[in-house]
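The values are calculated or read from the model by the stated rules, or taken from the named source; none is laboratory data. These numbers come from a predicted model, not from an experiment. Every residue, glycine as well, gets a Cβ built from its backbone with ideal geometry; the counts of neighbours run over all protein chains shown. Please note that ligands, DNA and RNA were not included when accessible areas were found on the heavy atoms of the full protein model with its side chains. Shrake-Rupley method; radii C 1.70, N 1.55, O 1.52, S 1.80 Å.
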Amino acid sequence: MPSCPRGHDTVATDYCDECGSPIGVPASHAAASPAWTGDEPCPECGTRSGRFCEACGRDRGETAGTSEARAASAPDMPTATGTPNGWLIVAWANRDYHAHMRAKAPQFAEVVDIPDTAPKRHFVLNGSQLLIGRRSQSRGIEPDIDLTGPPEDPGISHTHALLVANQDGGWSLVDIQSANGTYLNGQDKPIEANQPVPLTDGDQIHLGAWTTLTLRSRSKKRQRLPR
Amino acid sequence: MTDQPAFQAEVHQNRYLPPGATVVDAVLTVTTSSADQRTTAAGPGAAQVIMIDCSGSMANPPSKMDEAKKATITAIDTLRDGVAFAIIAGRHNAEMVYPPAGTLVPATGQTRAEAQHAVSQLIAGGGTALGTWLQLAGTLFAGHPAEVKHAIMLTDGRNEHEAPEQLAAVLRSCEGGFVCDARGVGDGWSGTELRAVASALLGTADGLAFPSELVADFKLMTETAMGKTLGEVTLRLWTPAGSTVRIVKQAFPHLEDLTGRGTEVSARIGDYPVGAWGIESRDYHLSIALPAGAVGEERLAARVSIVSRDQALLEARVFATWTDDHALSAAIDPWVAHYSGQEELATAIQQGLAAREAGDINTAAAMLGRAAQLAAETGREDTAALLGRLVEVIDIRSGDVRLRQDAVGVDAEMANVRSVRTIRITG
């Protein structure tokens, strides 16, 4: 059974069944939560109980961070995707890319400011094909990797690109004739539309006026976590 | 098997919370659509009971009884073939009009004609006991296998011939058993009573100023009921450990507070009844209090699904993300703001009318003035017109009004029964 950054078991693979924490997100905030020694109420839910909190199931003998480390030390343990080697997309506002686009395509990058604060968004890759885009209710578009704001990057097409699962367990990127193109790893030219481009861990996909998607292998990411 | 309507959900919320904040508000829009709903014979099992008020006052003026008969006859015509139905005459007791035995019969050419003949013979005379009528309807529906069970209750008077506790007890026992639309005709009905019936039985309540409106209204109610394809639908709500469900409220097309009506599925999950569904669109206002997270932390605040016969027909998610960017967290979602305003308007009308009935002129003027002000601000011309019969506006911007001395009783009942109506956000 997958477990969330705070160590709860969960059947749902997107957000924890118990505490609602996103699954597959670095447990930075969870790791920063204070160690729980036992006598005080459970820091998750306030319940007093024995070793395991009776209400939320947290093990008082370890912090959420150590449970994450435990998961990392057992590489065969299924992750949220149900496979040992899941992949993750991190969407973030990229100042360098925005500056580059502003120089290159001033007609739109100039009028679109990069937001001061844009929380990183995380998407677990599963299934065989994922649509990257922005939601449109009127057109019935529900992207899997939904980059609808706020903050909104209007340079992203509603149907912008696809991530397609490869036979070998990796992913390829396909631009599906987006209005403003899809760029890979800071290259000057956009990738060709409708042509799959295989991706590797750490690849950066640039789209819109300031959005960058970083592809991460979850198993490697885990190993970098502080023990 | 019938085509189930396709459910779609849209969540409107500002997911960003300032540090330490614990409350997340969201509006969930649930819309159903389907290519072919009007396939007749294959339609889901439906049952309909019409309770027609035959109290003595229905004969005064005679047009009330005449139009009520015509409306019932039209509604019988509107029933699909095979729909199980029955007609009840409501007085101080409840009597079967058709069929004579206390049961439901399938609609055929012959049963329709027999029922319509029986209705045409009805004579007004007797009292009003709404709970007794509903109890008979509940008995007829009980154990019937129909997926969609719908009743129409027409009255022209107040529930005078039984204790209020009797009606309340019957409503509790009928909850979940069938959906009931309640209608008042003439000028002697109580908006509070009609709303209590519609609220408990997840139907609509309205008053008809003129008996001549009955035929069209009965036809519309029956057509709407025939368009329902799913019977007992529930809104299933998952919330995280340590959270509290503050509000679960239908916000459109009318306000219906479901907060206290949840049943526990598991420690984290509750089911809230939303009645029968056809091709329609409704909004729900959800408010969840959850433990504050660290800045930068994201939590799932609610997972909402629409469930019919233990099958989830859609899922939507409500999020909370804590941020120290006030520009993000300060924004109020326009849908949430809109329905908060509509809820305040309804409360102001209901409290104003209650004060007016209790003779508390000052409170009544203050609350109805606030209602008139809100109605004007939010473009609610329908509500403004109803309030205009109760109060004379001195200054709409400040909500300064004077109670009209010439207002008649039914004006207040009409404002009451329609106080829960809402409109969607415009633009």
If I build a Gaussian network model for chain B, linking alpha-carbon pairs within less than 10 angstrom, which residue out of B:Q350, B:Q166, B:Q121 has the largest mean-square fluctuation?
B:Q121
Computed magnitude of the charge dipole of region B:43-226 (debye, nearest 20; Cβ of K, R +1, Cβ of D, E -1):
200 debye
For region B:164-185 and region B:62-89, what is the separation of their C-alpha centers, rounded to whole Å?
20 Å
Among B:G184, B:G203, B:G399, which one moves the most in a GNM of chain B with springs linking Cα atoms closer than 10 Å?
B:G399
Restricting to the protein assembly as shown, compute how many DSSP beta bridges are antiparallel as a %, nearest 5.
75 percent
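What full-extension length gain, to one decimal in nm, is calculated for B:M96 and B:A209 as 0.36 nm per residue of separation minus the Cα-Cα distance?
Gain in length upon complete extension: 37.9 nm.
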How far is helix B:109-120 tilted off the main Cα axis of chain B, in degrees rounded to 10, range 0 to 90?
80 degrees
Along the positive direction of the dipole of the protein assembly as shown (beta-carbon charges: Lys, Arg +1; Asp, Glu -1; about the Cα centre), which of B:L300, A:W171, B:A68 reaches farthest?
A:W171
Who wins for biggest fluctuation among B:P253, B:P273, B:P19 in a Gaussian network model of chain B, springs between alpha carbons below 10 Å?
B:P19
Mind putting a number on the dipole of region B:288-427 about its Cα centre? Charges go on the C-beta only, +1 for Lys and Arg and -1 for Asp and Glu, and I need it in Debye to the nearest 20.
320 debye
Quick check on region B:43-226: what does the Kirkwood estimate of hydrodynamic radius come out to from the alpha carbon pairs, in Å?
15.7 Å
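Give the average, rounded to an integer, of partner chain Cβ atoms located within 10 angstrom of each Cβ in A:170-181.
Mean inter-chain Cβ contacts per residue within 10 Å come to 0.
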Rounded accessible area of B:D324 (nearest 10 Å², 1.4 Å probe)
100 Å²
Let's see if you can work this out: charge +1 on each Lys and Arg Cβ, -1 on each Asp and Glu Cβ, no other charges. What is the dipole magnitude of chain B about its Cα centre, in debye to the nearest 20?
400 debye
Before I look further, what does region B:43-226 give for accessible area per residue, probe 1.4 Å, in whole square angstrom?
36 Å²
Order A:D14, A:D116 by their accessible area, 1.4 angstrom probe, all chains in place, largest first.
A:D116, A:D14
At 222 nm, what helix-only mean residue ellipticity would the protein assembly as shown give, in deg cm²/dmol to the nearest 500, using -39500 (n - 2.57) for each DSSP H run of four or more?
-8000 deg cm²/dmol
For the pair A and B, total buried accessible area rounded to nearest 100 Å², probe 1.4 Å
1600 Å²
Against the longest alpha carbon principal axis of chain B, how many degrees, from 0 to 90 and to the nearest 10, is the axis of helix B:62-78 turned?
70 degrees
Sorted by accessible surface (1.4 Å probe, heavy atoms of the protein chains only), largest first, B:H161, B:H326 come out as B:H326, B:H161
Pairs of lysines 8 or more apart, or on different chains, with alpha carbons under 28 Å: count those in the protein assembly as shown, would you?
18
For B:K219 the rounded accessible area (nearest 10 Å², probe 1.4 Å, non-protein molecules ignored) is 80 Å²
I'd like the mean, over residues of B:239-247, of how many other protein chain beta carbons sit within 10 Å of each residue's own Cβ.
5
For the protein assembly as shown, what size does the Cα cloud have along each of its three principal axes, sorted from largest down, in whole Å?
85, 60, 58
When the accessible area of region B:335-417 is computed with all protein chains present and a 1.4 Å probe, what percentage of it is carbon and sulfur?
49 percent
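In terms of solvent-accessible area of protein heavy atoms at a 1.4 angstrom probe, what is the ranking of B:I396, B:I50, B:I361, highest value first?
B:I361, B:I396, B:I50
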If I take every Cα pair under 8 Å that is 6 or more residues apart in region B:43-226, average their sequence separation and divide by the length, what percent do I get for the relative contact order?
27 percent
With every protein chain in place, the accessible area of B:V11 for a 1.4 Å probe, in Å² rounded to the nearest 10, comes to 40 Å²
Length gained when the stretch B:E175-B:S398 is fully extended (0.36 nm per residue, less Cα-Cα span):
76.1 nm
With the contact rule set at Cα under 8 Å and sequence spacing of 6 or more, what percent relative contact order holds for region B:335-417?
26 percent
Taking the Cα atoms only, what angle lies between the long axis of helix B:334-357 and the longest principal axis of chain B, rounded to 10 degrees?
50 degrees
Between B:G125, B:V197, B:T239, whose Cα lies farthest towards the positive end of the dipole of chain B when Lys and Arg beta carbons carry +1 and Asp and Glu beta carbons carry -1, centred on the Cα centre?
B:T239
